[in-house]
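The values are calculated or read from the model by the stated rules, or taken from the named source; none is laboratory data. From a predicted model like this one, the values you see are computed outputs, not experimental measurements. We place every Cβ from the backbone using ideal geometry, glycine too, and count neighbours over all the protein chains shown.
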Amino acid sequence: MKLKTNVKNCKGCGICVEFCPKKVLELDEVGKIKVAREADCIKCGQCELRCPDYAIFVMRDKK
Amino acid sequence: MAKAVLMQGNHACAEGAIAAGARFFAGYPITPSTEVAELLAKRLPQVGGSFIQMEDEIAGMAAIIGASLAGTKSLTATSGPGFSLKQELIGYASMAEVPCVIVNVQRTGPSTGQPTSPAQGDVMQARWGSHGDRGVIALSPSSVPECFTLTVEAFNLAEKYRTPVVLLLDEIIGHMREKFVMPDPASLTIVNRKKPALPPGEFLPYKPEADGVAPMPGYGEGYRFHTTGLVHDYTGFPSGSNAVTHELIERLHTKITNNIDDIVKYEALELDDAEVAVVAFGGTARSAYAAIESARAEGIKAGLFRPITIWPVPEKQLFTVAEKVKTIIVAEMNYGQYVGEVRRVVCGKANVVSLAKWNNDPITPNELLNAIKAGR
Amino acid sequence: MEELLVKYFRPKLPHIWCPGCGNGIVTASVVKAIDKLQLDQDKTAIVSGIGCSSRASGYLNFDTLHTAHGRAIPFATGIKLVKPDHNVIVLTGDGDATAIGGNHFIHAARRNINLTVVVFNNSIYGMTGGQYSPLTPHRGMATTAPFGNVDRPFDLCELAKGAGATFVARATTYHANLLADLIAKAIEHKGFALVEAITACPVSFGRQNKMGTPANMIKWQRDNAVMVEAMAKMKPEQLEGKFPIGVLHQAEGTEYVTEYQKVIKRAMGSGE
Amino acid sequence: MMQFRLSGSGGQGLILAGIILAEAAIEDGKEAVQSQSYGPEARGGSSKSEVIISEKPIHYPKVVNPDFLLAMTQEALNKYATDLPDEAILVTDSTFVGEIPARFKNVYQVPITKLAKEKLGRDLFANIIALGTVAKLTDVVSIEAMEKAVLARVPKGTEEVNRQALKLGFESV
């Protein structure tokens, strides 16, 4: 798993969708975060960095 | 025993604060209270405490609330105009239940008024000055030694009931100097705030105990508690609940009214056989002592009821006086403020007469003696 | 971020802020800075005023104080004086800090008291519904400026510098990592430290000023903020509408609480 | 009970004089209350300092029927002698006070400020000279207590000249 979401915290602002360079993310039918194309994720962290609601996290390998 | 010295009321107040354990003062210079700040600027660092002259009256009030929450007994001093500016945050201290002492040395008002002249025009401001609804404790000393003891008492009540306490002086008492003997520190009762018995995680910072008051941790003690001026539940966090609002506002009153016998102090002088009772507090009580002495010398049965705690009103005791006397004269240096409270409390049991004066001069013993004669 | 949520946030999320509001990003930067410096959570107090941004204190797991409108800095001053070894961080908004609290702001800067003040600047009074603040741009739209704002805004960083602050920095929510770094530097600095965080209010400011989606507002930050070092090399025509970010001012200065501790030492030693 | 009113213009040290008088009384084991009134100006304008000394507790702290008035300026005399009884002691600084109402029976005209300048070199000792007249003209405080109270209040290094000032006042009436 590359991405983890906390849909309870998501308010559907769309910032993560807009800033994802690989178009991995979408908003679902009720306007909440949805990981649509996880395979394309390059773990750049733009979504986590910009999410104002702490609703999406990039899973990092534990060193 | 310590040597008798001549001391000013404002200075006795500052020394009382040190004796009570206060270690922080923040304020802004204003006549006729400035000597409280001036002495504490010198005395606080001598005992390891801190003094700061802030940029305005509001900031002074804010800083003492911050310092008190962090765990240090704190006070500020001001006069009427500054007291008005502090009112919003005095309300904050009531709502957030932060112990602190506000000394108000009253002068003639409204507005800038007569800065160097005495008055007692802030009696109602002390009670109703802040917005919203809350219980209030205010004490009014009538002598220099009492400035000391009542400052200690003000801190004790503030700490015990987690509330701002107002020490209502007037220019007469604040600026006059008289004989003072520093009490032996060991003879003083010093109350400190209750600390939580429960560990962090189990402790609820606003859950009252049987006396209506919750224990209070300080900063850095591991409790990591939240304080807000919003309506809050036992956790300290904001709540929009009607039930929580009802209970909280009610408790801000009842923690004082339910403990009124512990809180109120008064002086009853020559009242046992009195036909006329004078109600007077602060500097005006000094005139009353003299007038009653003269009246008694002339065979007139007059006595004094002096509320030392002017808020809450010593209702029970005042009502008892009203049942015995024919006339109650309420002497005060304003247009007639406390007289309304006395009328409310005595419910027509006695004839209540107002002797009000607001021209910068104290009510003289003769004026009061004449009123006593007229009230027989 | 997930571990930071567990360690530094109270279990009170989601927060009250509107969709797309940048306050969550600024708050995350504050927490990242605290984590970077590994501050003792029991020796760190977070003080806030009134307004949207000032709700941040309630979400954070420290000794936290949500004060009255404009007064966070003097409350914090009282705490810092009686707890000199605590980190005292003030979270406040543009209206809170510069209008009703403007006097406290400049005097705390003048004293150079060791507080870290993070101003969430969203250019508007958000909580009350979009009235102009002292940081609303000239000719910007607000509910109380329906024909455009007549007031001229403060340059907050210049104000702080002029008042005597010894650390002044600015970043935006687009530059969230830079923001966290600057807040960490501000906390480390011994003296009055201001970090102005430019943040988007999509609902009360963005809509009235036709700034588009929350993402567009963040892109506006990206396109108009320039690192202060880069700005020095730019031509006047390239600087039109741009504002500097980074550390804008840093100076040595006598710090208030340190000086007052010396006063205590002198007074206690005087034997009076 | 004896009631004193020390009056003059701001800056003449009358509040300090009142404090010293009250402290001398306490030194003698008596009760004393000192109060004052002044305008907003720290220098100039008329000011008064009142002291009541008694063997018994003092209730009303303001002077009602002065037994003693010190007037260091004409303006202060005009303003603060209106309620002075005819038999009360009136000490004026003749350096500044020329017109004295004829009704007063116990008037002592002393060139207080002139003495301070000529004998002690500076007019700021005038208030202490005035206290010397108080010690002489009333028996309410002893000269020993007065001297002790003066020396406790004055700056270090000025004790001797202040002792002289007190003596000068004492011998001037």
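Taking the stated definitions as given, is C:Arg111 surrounded by 20 or more Cβ atoms within 10 Å (Cβ to Cβ), basic (Lys, Arg) and either away from every other protein chain (no Cβ under 14 Å) or over 13 Å from the mean Cα position of the chain (by Cα) (or both)?
Considered against the rule, which asks whether it is surrounded by 20 or more Cβ atoms within 10 Å (Cβ to Cβ), basic (Lys, Arg) and either away from every other protein chain (no Cβ under 14 Å) or over 13 Å from the mean Cα position of the chain (by Cα) (or both), C:Arg111 comes out as yes.
C:Val6 passes all but one of (1) more than 28 Å from C:Ser204 (Cβ to Cβ); (2) in contact with a helix residue (DSSP H, G or I) (Cβ under 8 Å, 6 or more places away or on another chain); (3) away from chain B (no Cβ under 14 Å); which number fails?
That leaves (2) as the condition not met.
Condition first: outside any strand (DSSP E or B) and over 16 Å from the mean Cα position of the chain (by Cα). Now tell me which residues in the stretch C:59-74 satisfy that.
Across the stretch C:59-74, the qualifying residues are C:Tyr59, C:Asn61, C:Phe62, C:Ala68.
From B:Glu293, B:Glu267, grab the single residue that is in a helix (DSSP H, G or I) and either within 14 Å of chain D (Cβ to nearest Cβ) or not charged (D, E, K, R) (or both). Break it down into steps so the answer makes sense when it comes.
On the way: B:Glu267 fails: in a helix (DSSP H, G or I).
Going through B:Glu293, B:Glu267 in turn, the sole match is B:Glu293.
Does C:Tyr174 meet the test of being out of contact with any helix residue (DSSP H, G or I) (no Cβ under 8 Å at 6 or more places or on another chain) and either under 25 Å from A:Cys16 (Cβ atoms) or free of Cβ contacts under 8 Å to residues at least 40 places away in the same chain (or both)?
no
In the stretch A:16-27, which residues are under 30 Å from C:Arg10 (Cβ atoms) and either exposed (fewer than 13 other Cβ atoms within 10 Å of the Cβ) or under 9 Å from the mean Cα position of the chain (by Cα) (or both)?
Those that are under 30 Å from C:Arg10 (Cβ atoms) and either exposed (fewer than 13 other Cβ atoms within 10 Å of the Cβ) or under 9 Å from the mean Cα position of the chain (by Cα) (or both): A:Cys16, A:Val17, A:Cys20, A:Leu25.
Of the residues in the stretch A:23-58, how many are under 26 Å from C:Tyr59 (Cβ atoms), hydrophobic (A, V, I, L, M, F, W, C), touching a strand residue (DSSP E or B) at 6+ places or on another chain (Cβ under 6 Å) and in a loop (DSSP other than H, G, I, E, B)?
Of the residues in that region, 1 qualify.
Which is of a type in the set (A, V, I, L, M, F, W, C), closer than 20 Å to C:Phe154 by Cα and buried (at least 24 other Cβ atoms within 10 Å of the Cβ), of C:Ile79, C:Ile73, C:Ile100?
Within the list C:Ile79, C:Ile73, C:Ile100, the selection yields C:Ile73.
Determine which member of the set B:Tyr223, B:Tyr206, B:Tyr219 is touching a Ser or Thr at 6+ places or on another chain (Cβ under 9 Å), crowded, with 17+ Cβ neighbours inside 10 Å and of a type outside the set (Val, Ile, Thr).
B:Tyr206
What's the number of the only condition in (1) within 12 Å of chain C (Cβ to nearest Cβ); (2) of a type outside the set (Lys, Arg); (3) closer than 21 Å to C:His175 by Cβ; (4) exposed (fewer than 14 other Cβ atoms within 10 Å of the Cβ) that A:Met59 fails to meet?
Here A:Met59 meets the rest and fails (3).
For the stretch B:117-152: of the residues being of a type in the set (Ser, Thr, Tyr) and either part of a helix (DSSP H, G or I) or more than 10 Å from the chain's Cα centre (by Cα) (or both), which is farthest from the other protein chains (Cβ to nearest Cβ)?
Selected residue: B:Thr151.
Is there a residue being more than 21 Å from C:Gly49 (Cα to Cα), touching a Gly at 6+ places or on another chain (Cβ under 8 Å) and touching a residue at least 12 places away in the same chain (Cβ under 8 Å) anywhere in the stretch B:224-245?
Residues of the stretch B:224-245 more than 21 Å from C:Gly49 (Cα to Cα): B:234, B:241-245.
Of the ones still in play, those that are also touching a Gly at 6+ places or on another chain (Cβ under 8 Å) are none.
The answer is no, given that none of the residues of the stretch B:224-245 is more than 21 Å from C:Gly49 (Cα to Cα), touching a Gly at 6+ places or on another chain (Cβ under 8 Å) and touching a residue at least 12 places away in the same chain (Cβ under 8 Å).
I'd like to know if the stretch C:234-257 contains one or more residues that are over 28 Å from C:Asp181 (Cβ atoms), among the hydroxyl-bearing types (Ser, Thr, Tyr) and crowded, with 19+ Cβ neighbours inside 10 Å.
No, there is no match, as no residue in the stretch C:234-257 is over 28 Å from C:Asp181 (Cβ atoms), among the hydroxyl-bearing types (Ser, Thr, Tyr) and crowded, with 19+ Cβ neighbours inside 10 Å.
Looking at the stretch D:71-83, is at least one residue closer than 23 Å to B:Ser294 by Cα and more than 11 Å from chain B (Cβ to nearest Cβ)?
Yes, some residue in the stretch D:71-83 is closer than 23 Å to B:Ser294 by Cα and more than 11 Å from chain B (Cβ to nearest Cβ).
Given the criterion surrounded by fewer than 22 Cβ atoms within 10 Å (Cβ to Cβ) and at pLDDT 95 or above, identify the matching residue among B:Lys73, B:Lys42. Steps first, please.
Values: B:Lys73 fails: surrounded by fewer than 22 Cβ atoms within 10 Å (Cβ to Cβ).
Within the list B:Lys73, B:Lys42, the selection yields B:Lys42.
Being surrounded by fewer than 24 Cβ atoms within 10 Å (Cβ to Cβ), under 19 Å from the mean Cα position of the chain (by Cα) and away from every other protein chain (no Cβ under 14 Å): is that true of C:His189 here?
Numbers: surrounded by fewer than 24 Cβ atoms within 10 Å (Cβ to Cβ): yes; under 19 Å from the mean Cα position of the chain (by Cα): yes; away from every other protein chain (no Cβ under 14 Å): yes.
It is true that C:His189 is surrounded by fewer than 24 Cβ atoms within 10 Å (Cβ to Cβ), under 19 Å from the mean Cα position of the chain (by Cα) and away from every other protein chain (no Cβ under 14 Å).
Would you mind stating whether C:Asp96 is charged (D, E, K, R) and either under 17 Å from the mean Cα position of the chain (by Cα) or under 16 Å from C:Leu115 (Cα atoms) (or both)?
Spelling it out, C:Asp96 is indeed charged (D, E, K, R) and either under 17 Å from the mean Cα position of the chain (by Cα) or under 16 Å from C:Leu115 (Cα atoms) (or both).
Which numbered condition in (1) over 15 Å from the mean Cα position of the chain (by Cα); (2) closer than 14 Å to D:Gln12 by Cα is the only one that D:Leu120 fails?
Only one criterion in (1) over 15 Å from the mean Cα position of the chain (by Cα); (2) closer than 14 Å to D:Gln12 by Cα is unmet by D:Leu120, namely (2).
Got a sec? Which of B:His253, B:His226, B:His232, B:His246 is farther than 27 Å from B:Thr320 by Cα, more than 14 Å from chain C (Cβ to nearest Cβ) and modelled with pLDDT of 95 or more?
On the way: B:His253 fails: farther than 27 Å from B:Thr320 by Cα; B:His226 fails: more than 14 Å from chain C (Cβ to nearest Cβ); B:His232 fails: more than 14 Å from chain C (Cβ to nearest Cβ).
Step by step, each of B:His253, B:His226, B:His232, B:His246 is checked, and only B:His246 is farther than 27 Å from B:Thr320 by Cα, more than 14 Å from chain C (Cβ to nearest Cβ) and modelled with pLDDT of 95 or more.
The conditions are (1) more than 15 Å from the chain's Cα centre (by Cα); (2) in a helix (DSSP H, G or I); (3) away from chain B (no Cβ under 14 Å), and C:Thr77 fails exactly one of them. Which is it?
Evaluating C:Thr77 over (1) more than 15 Å from the chain's Cα centre (by Cα); (2) in a helix (DSSP H, G or I); (3) away from chain B (no Cβ under 14 Å) leaves (3) as the failure.
Being over 18 Å from D:Leu14 (Cα atoms) and polar (S, T, N, Q) narrows it down to one of D:Asn65, D:Asn78, so name that one.
Details: D:Asn78 fails: over 18 Å from D:Leu14 (Cα atoms).
Result of the check over D:Asn65, D:Asn78: D:Asn65.
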